[in-house]
Amino acid sequence: MIKDIVIVCISGRGGVSSPSGITNLRNRLRDTLQPLGIDPDRVFRRSWNKAGDDDPFGFPDTDDLKREIERRSNNLAYLAIIGHSYGGWAACRLSQRTSREPDFVGLLDPVFGPINVMGPGDSPRGKVILNWYQTNGIKETSGCPSTLLTCIVPGNGISCGYNKVPNATNIWESELKDWDGNVKRRDCGYPIPNEDRPLTHVNMDDNDYLHHQICDRIYKDVKKILLTIQDATFTTILLNTLK
């Protein structure tokens, strides 16, 4: 097992007490990286604030998150941090505190506190930083036609994600998609036309297509590192043989 590769997936408010797309993403990353020999324990999910997971006025517990990373490795060869909503806020702050500059930071509709304003220490640090955001609303209703609970401030309101994260490539998404990028649809039943499913803040971390992009990027990153380690090991063995 390769012990120096760590990926942390940080859920937002309520991500522990209820089913979370971040948990599903963690599981997919474990499955994706298992063929490369990555210990599943080093791909883990954690709350943005373990003592106040559902508290909108809480603050990211980066001490806890940093300890969990260091418990798994004190000599990181690769670090990826992914977070949704308040978990995105935690990911940004955590990225400033890790011993290694994160190789990848993935933000899914990050929210920076109850008024969603970035403060000192909130800017992310990383070699590659991607921020996926949406502007549809907080959540959709069931049934047809569906309606949206809109943001207080479109594109940058509470529970709607921050769309101009500094140091990041900001990517707008509008529809819920499957693994292959096809728009998911709601079957409304005849004679009502079927509907495209909008991407909202609540289902952002359930977007299979974003999971696909994250898994693919991290798989390629990790495979490249392992090949580099393998080449270095072969070179060392060869040089020792020639002595």
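Could you tell me whether ASN167 is in contact with a Ser or Thr (Cβ under 8 Å, 6 or more places away or on another chain), of a type outside the set (Gly, Ala, Ser), surrounded by 16 or more Cβ atoms within 10 Å (Cβ to Cβ) and modelled with pLDDT of 75 or more? Walk me through how you get there before you give the answer.
Numbers: in contact with a Ser or Thr (Cβ under 8 Å, 6 or more places away or on another chain): yes; of a type outside the set (Gly, Ala, Ser): yes; surrounded by 16 or more Cβ atoms within 10 Å (Cβ to Cβ): no; modelled with pLDDT of 75 or more: yes.
Answer is no for this residue.
Restricting to the stretch 73-97, name every residue that is open to solvent by 20 Å² or more (accessible area, probe 1.4 Å) and either at pLDDT below 95 or in contact with a strand residue (DSSP E or B) (Cβ under 7 Å, 6 or more places away or on another chain) (or both). Spell out the reasoning first.
Of the stretch 73-97, the ones open to solvent by 20 Å² or more (accessible area, probe 1.4 Å) are 74-77, 93, 96-97.
Result: ASN74, ASN75, LEU76, ALA77.
The residue of the stretch 1-22 that is farthest from ARG93 (Cα to Cα), among those that are modelled with pLDDT under 95 and not small (Gly, Ala, Ser), is MET1.
Residue count for the stretch 28-83 satisfying the condition of being in a helix (DSSP H, G or I), polar (S, T, N, Q) and over 19 Å from GLY106 (Cα atoms): 1.
Return the residues of the stretch 97-123 that are closer than 20 Å to ILE171 by Cβ and part of a loop (DSSP other than H, G, I, E, B); say none if nothing qualifies.
PRO102, ASP103, ASP109, PRO110, VAL111, PHE112, ASN116, MET118, ASP122, SER123
For the stretch 95-102, the condition of being under 29 Å from TYR209 (Cβ atoms) and among the small types (Gly, Ala, Ser) holds for at least one residue. Note on the stretch 124-142: among residues that are assigned to a loop (DSSP other than H, G, I, E, B) and at pLDDT below 95, the one that is nearest to the chain's Cα centre (by Cα) is GLN134. Restricting the stretch 26-47 to residues that are crowded, with 24+ Cβ neighbours inside 10 Å and out of contact with any Asp or Glu (no Cβ under 7 Å at 6 or more places or on another chain), the residue that is modelled with the lowest pLDDT is ILE38.
The values are calculated or read from the model by the stated rules, or taken from the named source; none is laboratory data. The shown structure was predicted, so the numbers you read here are calculated from the model rather than taken from an experiment. As a convention, Cβ positions derive from the backbone with ideal geometry for all residues, glycine included, and neighbour counts pool all protein chains shown. Heavy atoms of the whole protein, side chains included, go into the accessibility calculation; ligands, DNA and RNA do not. Shrake-Rupley method; radii C 1.70, N 1.55, O 1.52, S 1.80 Å.
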